[in-house]
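Report on one structure; see the data block that follows.
The values are calculated or read from the model by the stated rules, or taken from the named source; none is laboratory data. Nothing here was measured: the structure is a model prediction, and the numbers come from that model. Here the Cβ positions follow ideal geometry from the backbone for every residue, glycine too, while neighbour counts run over all protein chains shown. Surface accessibility is based on the protein's heavy atoms, side chains included, excluding ligands, DNA and RNA. Shrake-Rupley method; radii C 1.70, N 1.55, O 1.52, S 1.80 Å.
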Amino acid sequence: MSGNLVNALTLQVLTGMQLGAVYALIALGLTLIFGTLGVVNFAHGALYLIAAYLAVFISTELGFFAAVFIVPALLFMVGWGLERGLIKSFYSRPHTDQILVTFGLALVTEEGLKWAFGSNNIPFPLPQWGTGIVKLQEYLPFLDGFVAFPKWRLVMILVALTVISLLFVLLKFTRFGLVIRAGMRDSGMLRFLGVNISQRFAVVFGMGALIAGVAGVFGGPITQVSPDVGMHLLVPSFLVVVIGGMGSLGGALLSSLILGMALSFTAEYSAVQQIIVYLVAVIVLLVRPRGLFGKQGVFE
Amino acid sequence: MNTAHAIKESKASAQAFFSMRDVHAYYGESYIVQGVSFEVQESEIVALLGRNGAGKTSTLRAIARAPQPRVTQGEIRLDNTALHTLAPHLAARAGVQLVPEDRRVIPGISVEENLIVAQVAKPLGWNLERIYEHFPRLAERRKQDAATLSGGEQQMLAVARAMARDIKLLLLDEPYEGLAPKIVQEIESIVAQIKTLGITTIIVEQNAIAALKLADKAVILDMGQIVFTGNAQDVLDDRKLRDRYLAI
Ligand SMILES: Nc1ncnc2c1ncn2[C@@H]1O[C@H](COP(=O)(O)OP(=O)(O)OP(=O)(O)O)[C@@H](O)[C@H]1O
Ligand SMILES: [Mg+2]
């Protein structure tokens, strides 16, 4: 293989991972909320949006690191409060009602932000340490010559990997995680065993919002900060969840990676790139109607 | 109502360890539990009998405070706690343990994890060591996904999971259903042990003879209403009663 091809492939794979990383963080929250509470949260993109706006303001006032800690914590509270205050009343209602109320929330957020800060993109300056490029050839000896990748995009990938690992450890190796996994399979039985599963599911909703918060802080500088970004991200993220299988975390990760790669490798053919997400969705769902890791009986 | 009568009645309800009074419950619009009343004394075993569709499972679910059937009227009390106003997880913490008809072991997690999730909320019953002593088969399979257990093993896990909690009232819904005779024997011996522990139990069983031999009292349901309350032995002796309501 020629050196140039290896270089190009490496860059495209990294770009795919970075695109996938933003979708993955949003899709993880979506699928977690769906898997536990059975609610399709169309307001999830709006949570990202709120986080990105908060991050711009907090990082200008208090610095970027303050935003890294404050925004996800605030988003956790927003998510938790949203579940306890509103979404909770919709569990026994049809999916269409849930979609309407969460979609409504998303529109209200979008219009509210438009009214307060205008429809234009708000600049989100990168922190000093995150600007510039990384010379990949210094780390990857198989690369030939000078190969540069924007530092911040690498940061995005690392942040996503960290969040994914932490979530995995929490769900797989803690008692809280065990209860959540058990609750995803049979919440009614957990109640018969004395577990207040609704309370824990509210925490999960908060965690989904927190992860969207992390995505907003680190993704804001990449995706831009404007009122329509929420919806722009929600649609592919929702497709990621469907392709991965509703409620499946592993599925969401794999399919966000697949979509990221599909977008990255079609970047030179913009007509194809516009439709590639839907094309992948159609192909996967034709072969596996429940998505890659979908379980029988979910959302049917 | 005169005073003497009122006093007598309040005394009676204070005495019964468990009581249901005029309980009505619905699945959506369908009226299923139609004014059920009965009492259980502490450490007693009651066989709750009746034909298919008589409302046995529904009655147990009403006691365990399942969301369906919805209780619209009546009182359920256990050891001076009003159950009928409680959420299911609070009924469980008050000491009610349902071993459901379909077992409902939780798939995707191991046998041991099924026992651990039963011990998240207090009050706790047997610890894992004691459970494994009584259920050696579960000890052998502790790391196995609960969904891969055989039907009999799943039933054992469902009973074991209940024993992991501190039980005041055990509700067993057809513990022998669909099991091979050898497994039935094993579960019967476990239930016999539960009896020696003095755990107050309501057992629903198609095989009424087996349940009646174990039980002190019998309650027979028909079309959502109680048609007989009395000693278990009386049902065993009364052929006509059995022909009429139990088909055995
Ligand atoms: N989820 C439900 N929705 C509507 N009706 C129900 C539901 N579950 C049970 N029923 C009805 O309630 C009635 C009583 O059912 P239940 O399961 O309590 O009977 P059962 O005595 O336990 O019967 P079996 O011996 O077959 O288990 C039946 O007519 C049944 O069709
Ligand atoms: Mg039944």
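Dividing the summed helix terms, -39500 (n - 2.57) for each DSSP H run of n ≥ 4, by the number of residues in the protein assembly as shown produces a 222 nm estimate of -18500 deg cm²/dmol to the nearest 500. Counting lysine pairs in region B:3-245 whose alpha carbons fall under 15 angstrom apart, excluding pairs fewer than 8 residues apart on the same chain, gives 4. Scanning residues 5 or more positions from A:GLY245 or on other chains, those with amide H under 5 Å from its amide H are A:LEU292, A:PHE293, with H placed 1.01 Å from N in the peptide plane. Using the Kirkwood radius over C-alpha pairs as Rh, can you work out the diffusion coefficient of region A:3-227 via Stokes-Einstein at 10 °C, viscosity 1.306 mPa s, in µm² per second? This corresponds to a translational diffusion coefficient of 84 µm²/s. Comparing Cα centroids, region A:241-300 and region B:111-177 end up 39 angstrom apart.
Solvent-accessible area of chain B (1.4 angstrom probe, protein heavy atoms only): carbon and sulfur portion equals 48 percent. What translational diffusion coefficient, in µm²/s and rounded to a whole number, does the Stokes-Einstein relation yield for region A:180-282 at 37 °C and a viscosity of 0.692 mPa s, taking the hydrodynamic radius as the Kirkwood radius over Cα pairs? Here the translational diffusion coefficient equals 206 µm²/s.
Size of region A:1-115: Rg and Dmax of its alpha carbons, in Å, are 18.1, 60.
Based on the convex hull around the alpha carbon atoms, region B:3-245 presents an average projected area of 13.6 nm². Annotation: amide H-H contacts under 5 Å for B:GLU205 (H modelled 1.01 Å from N, sequence separation of 5 or more, or interchain): B:LEU48, B:GLU174.
Counting, for every residue in B:113-121, the Cβ atoms of other protein chains within 10 Å of its Cβ and taking the mean gives 6. What the Cβ-Cβ distance of B:GLU140 and A:ALA271 gives, at R0 = 41 Å and to the nearest 0.05, is a FRET efficiency of 0.10.
Calculated on the Cα set of the protein assembly as shown, radius of gyration then Dmax: 29.1, 102 Å. Over chain B, Cα pairs under 8 Å with separation of 6+ residues give a relative contact order of 26 percent. Take the accessible area of chain B alone and of chain A alone, subtract that of the pair, and you get about 1900 Å² summed over both chains, using a 1.4 Å probe. Report in % the part of the accessible area of region A:6-112 that belongs to carbon and sulfur, leaving out ligands and nucleic acids; probe 1.4 Å. Carbon plus sulfur share of accessible area: 75 percent. Using the Kyte-Doolittle scale, which helices in chain B average at least -1.0 and also have C-alpha atoms spread 20 Å or more along the helix axis, with helices defined as whole DSSP H runs? Span-like helices in chain B: B:181-196.
3J(HN,Hα) couplings calculated from phi for region B:111-116 with the Karplus curve 6.51 cos²θ - 1.76 cosθ + 1.60 (θ = phi - 60°) are, in sequence order, 4, 5, 5, 4, 6, 5 Hz; Gly and Pro show x.
Amide H contacts under 5 Å for A:PHE42: A:THR102, A:PHE103, restricted to partners 5 or more places along the chain or on a different chain, H placed in the peptide plane at 1.01 Å from N. Simple rule: put +1 on each Lys or Arg Cβ and -1 on each Asp or Glu Cβ in chain B, find the dipole, and look at B:LEU86, B:LEU197, B:VAL111; the Cα lying farthest toward the positive end is B:LEU86.
Sequentially through region A:242-257, phi angles give Karplus couplings (6.51, -1.76, 1.60; θ = phi - 60°) of 5, 5, x, x, 3, x, 9, 6, x, x, 4, 5, 4, 6, 5, 5 Hz, Gly and Pro residues having no value and appearing as x.
In chain A, the longest principal axis of the Cα atoms and the axis of helix A:175-192 are about 30 degrees apart.
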